Amino acid sequence: MTNPEALRKFEVTCSSCNLREMCLPGGVCLDELQRVENIVYARRRVKRGEALFKAGDDFNAVYAIRSGFFKTSLIDDEGREQVTGFFMGGELLGMDGVGSGHYNGHAIALEDSEVCVMPFSLVEQISREVPSLQRHLHSVLAREIVRDHGVMMLLGSMRAEERLATFLINLSRRFVRRGYSSSDFHLRMTREEIGSYLGLKLETVSRLFSSFQKDGLIEVQQKHVRIHDIAGLERLLAPRH
């Protein structure tokens with residue numbers, strides 16, 4: 001739930017934000033952008049390990065990640081965590097609450113982060129007045145559905161090495177969109193969290209990292225990954241005859 005003390009009203013600057021094209025205002029023309037900027041109520045800082053929201057909290061806002069990294073997860077009745085996604089700058093959190101009126105999972109910061117708080121009542125109001133925002137909102141919701149289907153395919157039909165290769169390729173492409181290196185990045189999540197997301201045991205994830213390194217595909221030093229052969233990772237995904 002949004003903590004008023006953690007919010008600070010600010011002069012909204014969506015138009016100058018370098019993540020705007022990936023965020024909710026991304027589909028809006030410059031003439032309408034000033035109006036759309038009003039949906040951002042405040043910015044909130046979230047410390048590493050802190051929950052932005054928890055499963056069951058009332059859904060009242062969508063959050064755009066301005067900086068930092070988050071994981072989303074579900075906790076079962078026995079207290080076991082299932083990681084459902086990893087999110088970085090320019091991506092939205094909380095969209096899963098649109099239909100049910102409450103957040104369906106937890107969103108935890110994997111490093112000190114900052115989010116833009118967008119009350120959903122304002123999003124709805126302004127999207128009715130700005131058709132391009134409404135279209136983009138529908139696009140974002142559709143993207144979430146596609147992402148969920150992609151995860152199901154990942155867990156349902158891929159071999160272990162395909163899952164990890166897909167994960168690394170996906171991260172690489174997302175970093176490139178943000179102007180970062182495609183081949184040299186720091187993993188914010190633990191190998192255990194990667195395993196939870198990919199449906200693999202921790203030992204399997206560690207073995208695959210070692211195997212990829214031995215084959216010259218990547219170089220790993222703790223959480224730092226350098227991809228040496230992106231084409232080699234992609235070949236792991238090629239259909240076998």
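The values are calculated or read from the model by the stated rules, or taken from the named source; none is laboratory data. Note that the structure is a prediction, hence the values are computed from the model and not measured. Here the Cβ positions follow ideal geometry from the backbone for every residue, glycine too, while neighbour counts run over all protein chains shown. Heads up: the accessible areas ignore ligands, DNA and RNA and are worked out on the full protein's heavy atoms, side chains in. Shrake-Rupley method; radii C 1.70, N 1.55, O 1.52, S 1.80 Å.
Brief remarks follow.
- Net charge of the neighbourhood of F59, taken over other residues with C-beta under 15 Å away and scored Lys/Arg +1, Asp/Glu -1, is -4.
- Charge dipole of the stretch 95-218 about the Cα centre (unit charges at C-beta), most positive-ward option of A142, L202, S182: S182
- Applying a DSSP loop filter and a limit of 10 other Cβ atoms within 10 Å to the trypsin sites (Lys or Arg not before Pro) in the stretch 68-167 leaves R80.
- 15 Å reach of a label modelled at K214, 7 Å along Cα-to-Cβ, counting backbone N of the stretch 150-190: 161
- Distance (nanometres) between label positions extended 7 Å along Cα→Cβ at K47 and N104: 3.1 nm
- Overall form of the stretch 193-239 per C-alpha gyration tensor (a/c, 1.5; a/b vs b/c): oblate
- Mean projected area of the Cα convex hull of the stretch 97-188, taken over all directions, amounts to 8.1 nm².
- In whole percents, the pair-distance distribution calculated for the stretch 154-206 from its alpha-carbon pairs, binned every 5 Å from zero, is 4, 21, 26, 23, 17, 8, 1.
- Heavy-atom surface of the stretch 59-126, accessible at 1.4 Å and reported per residue (Å²): 36 Å²
- Cβ-placed point charges (K, R +1; D, E -1), dipole of the stretch 55-150 about Cα centre in debye, nearest 20: 480 debye
- When the P(r) is computed for the stretch 45-150, the part past 22 Å accounts for 29% of the Cα-Cα pairs.
- Think of the stretch 50-89 as having a plus end and a minus end, set by charges on the Cβ of Lys, Arg, Asp and Glu; of G68, L52, Q82, G68 sits farthest toward the positive end of this dipole.
- Kirkwood-based Rg to Rh ratio, the stretch 117-241, C-alpha trace: 1.08
- Treating r as the C-beta distance of L74 and T190 and R0 as 25 Å, the FRET efficiency rounds to 0.90.
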